[in-house]
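Read the structure below first, then the notes.
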Amino acid sequence: AAPGALPRDLEGVRVVISAGGTREPLDPVRYLGNRSSGKQGYALARVAAQRGAEVTLVAGHTVALPDPAGATVRHVSTALELREAMHAEAASADVVVMAAAVADFRPATRADVKIKKSDELPDPVVTLDRNPDILAELVRDRRPGQLVVGFAAETGDEQGSVLDHARVKLKRKGADLLVVNAVGDGKAFETEDNSGWLLAADGTERSIPLGAKAQLASTVWDAVVGLIKR
Ligand code: CTP
Ligand code: CA
């Protein structure tokens, strides 16, 4: 193989990847959102296609990114739209990756017209409803043999370290693999590089050194190929 060429070890494998952040509308012009760039999910899609996979990318909101070569891209906006697209695509996928930053909550109501401020009326209070846990639903509905990969952005606190939280999350979600990024202090979000850990349901844990998001993507696909072979 040419130097730097990637193995074609995902040939014939159909993968569905979510990327980017969701936007939860308050009114026609305002939303609740997050700072996800989408770069890690796009890198996963690009590398999977380079390794021969049949790739569908369900893309939320991202910084300006070119469509990954060789991938089918479906654009969505809200968590509920992302959920519909992921369930539809997962029905025929071998591997499902939830790299999207899904809003945990959405405004309970979406005003049909722009919300106005008023000196007579009290300032509005935003009530939030819980969004469904799409990753947990995908695990619940998974086809026989289908692999499900989740992401977790964690900070350490008095309750435990980044890894402690991540181990609990992997169990709770029931995914086969969990990619864990330490966040805060400019780590992971809006950056070019990522580092962290890759936790597997069988208890295997490996650290992912700081590197380009394409490098982290390769590590994830290596682990997926290892699980498919078993
Ligand atoms: N996720 C999801 N649906 C949601 C929220 C999160 O599918 N409504 C997915 C993310 O795409 C990610 C994984 O769940 O793959 C972990 O997301 P994270 O925000 O770290 O976990 P939560 O379960 O939302 O827990 P918390 O934010 O309270 O730590
Ligand atoms: Ca969350």
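Readers should treat all values here as calculations from the given coordinates under stated rules, not as data from a laboratory. All of these numbers come straight from a predicted model, not from anything done at the bench. Neighbour counts are summed over all protein chains in view; Cβ atoms, including those assigned to glycine, are modelled from backbone coordinates with ideal geometry.
Out of every Cα-Cα pair in the chain, what percent are more than 22 Å apart? Of all Cα-Cα pairs in the chain, 53 percent lie more than 22 Å apart.
In a simple Cβ point-charge model (Lys, Arg +1; Asp, Glu -1; nothing else charged), the stretch 72-230 has a dipole of about 540 debye relative to its Cα centre.
Along its three principal directions, the equivalent ellipsoid of the stretch 67-172 from the Cα gyration tensor extends over semi-axes of 32, 22, 13 Å, largest first.
Counting lysine pairs in the chain that sit 8 or more residues apart in sequence, or on different chains, and whose Cα atoms lie under 24 Å apart gives 11. In debye, nearest 20: dipole of the stretch 84-162 around its Cα centre with unit charges on the Cβ of K, R (+) and D, E (-)? That gives a dipole near 280 debye. Suppose we keep just the DSSP beta bridges with both residues in the chain; what percent of those would be antiparallel, to 5? Of all bridge pairs located within the chain, approximately 45 percent are antiparallel. With R₀ set to 22 Å, the beta-carbon distance separating ALA5 from VAL183 gives a calculated FRET efficiency near 0.10. All other residues whose Cβ lies under 14 angstrom from that of LEU82 are scored, Lys and Arg at +1 and Asp and Glu at -1, for a net of -3. Residues within the reach of a label modelled at ASP27 (point 7 angstrom out along Cα to beta-carbon, backbone nitrogen below 15 Å), restricted to the stretch 110-147, are 110-127. Dividing the summed -39500 (n - 2.57) terms of all DSSP H runs of n ≥ 4 by the residue count of the chain sets its mean residue ellipticity at 222 nm at -8000 deg cm²/dmol. Of the peptides 53-64, 161-172, the order by per-residue mean of other Cβ atoms within 10 Å, starting with the highest, comes out as 53-64, 161-172.
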